[in-house]
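Okay, structure first, notes after.
The values are calculated or read from the model by the stated rules, or taken from the named source; none is laboratory data. In this text the structure is predicted, and so the values were computed from the model without any measurement. Reconstructed Cβ throughout: ideal geometry from the backbone, glycine too, with neighbour counts over all protein chains shown. For accessibility, only protein heavy atoms count, side chains too; no ligands or nucleic acids. Shrake-Rupley method; radii C 1.70, N 1.55, O 1.52, S 1.80 Å.
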Amino acid sequence: MPGGGARLLQGGPIATEIRQAVSEDVVAYVERVGRRPVLAVVICGRDAPSMVYLGQILRSCEKVGIEGRLVEVDGEASESSVVEAIQALNGDPEVNGIIVQMPLPPTIRLRAVVEAIDPSRDIDGIHPMNAGLLRLGYDGFLPATAHAAVEILRRSAIEIEGRRAVVIGRSAVVGMPAAFLLVRENATVTVCHSRTRDLARHVKDAEIVVVAAGHPGLVTGSMVRRGVVVVDVGINVVDGAIVGDVDFDSVRPLASAITPVPGGIGPLTNALLLAHLMRAAKGQEAPSETTRDTPIASPIVSRDRVAASRGVR
Ligand code: NAP
């Protein structure tokens, strides 16, 4: 789309649709179970950078009728107190989902914390079991941000199958799960990272670029091919403003579609987390539904099952 710029892939309208479906699920759940579904949010110290994000999640819970419970562990607390707090939530039959503030204080090992979460309550897909299920193509909980990066393409009817995709970033919570999801959607995927030589060459070849590096202005117009689809997952604060990892002004004129920051992946991540919570709640009512052995076997089955596994209608 020369001159005018790409189609804007806004997360807001899709998030609204998902929240609407979640609200209906919540009403039905309350009728069946007699209480509201519960999301527990574990934080270690209120000065954590993720407090703003967690506050948004708690407000979103309220809007759809989910009870958000803030579980505060002293910022100076030991690793074992955080693990014990999570184990107490695992044992509480009212708690359907658990998320933990990231990053953790440096004295607390990430591995100890993620392994403490009951995989059936791990609605942000950080437990090794859920990471493994994703890798193997079985149903599990997906990391919400990676899920959002691919869901925005699917819901915007952007073709993924057979296309060349580059993911910039290889973190366990965003880059790698986004890459696995794109492979599941039958893209041909290259994962780039800080040691990649000649990033621009890889990006130039890509028909879809997902950027999750935490590096403002990393992808510029001179690096992309005309018609590229760009998903910007980055959230950076520059001169008091929130910007992504993509130099929006130089990339938009060349792209066919692009997510804005803010307003792209962020709202969708938040809504998908609520959808994951309802999937967990329903699975805990009838565990056989979520523990069934369902490999992703073929493209058509894959799409249906992936949609089902996301708890999204
Ligand atoms: P992370 O753990 O810091 O990982 C960043 C990744 O980007 C790493 O794999 C790193 O490579 C790579 N990278 C960094 N600089 C690079 C460069 N110059 N060239 C190529 N690759 C580079 O971050 P994350 O947790 O994945 O988050 C990524 C971004 O997404 C951040 O901006 C974060 O704020 C944002 N985010 C957004 C949402 C949302 O809802 N929209 C949610 C979570 C995170 P190495 O592996 O070699 O170090």
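The test for being out of contact with any His (no Cβ under 6 Å at 6 or more places or on another chain), outside the structural domain of PRO106 (by TED's automatic domain parsing) and within 20 Å of ASN270 (Cβ to Cβ) does not hold for ILE43. Among the residues of region 105-127, those identified as farther than 20 Å from ALA280 by Cβ, open to solvent by less than 30 Å² (accessible area, probe 1.4 Å) and not in a helix (DSSP H, G or I) are PRO105, ILE108.
Pairing each residue of region 84-100 that is of a type in the set (D, E, K, R) with any residue that is part of a helix (DSSP H, G or I), provided the two are 6+ apart or on different chains, yields C-beta distances under 9 Å for GLU84/ALA116. Of the numbered criteria (1) outside any helix (DSSP H, G or I); (2) crowded, with 16+ Cβ neighbours inside 10 Å, the one ASN130 fails is (1).
Just checking: which of the strands (runs of 3 or more DSSP E) contained wholly in region 161-280 hold 2 or more residues that are at pLDDT 95 or above, surrounded by 24 or more Cβ atoms within 10 Å (Cβ to Cβ) and within 14 Å of the chain's Cα centre (by Cα)?
Numbers: elements: 164-168, 188-192, 208-211, 229-232, 236-238, 241-243.
So the answer is 208-211, 229-232.
Mind checking whether some residue in region 93-100 is at pLDDT 95 or above and assigned to a helix (DSSP H, G or I)? No, there is no match, as no residue in region 93-100 is at pLDDT 95 or above and assigned to a helix (DSSP H, G or I). Among the residues here, ARG59 does not qualify as assigned to a helix (DSSP H, G or I), over 19 Å from ASN90 (Cβ atoms), touching a helix residue (DSSP H, G or I) at 6+ places or on another chain (Cβ under 7 Å) and among the charged types (D, E, K, R).
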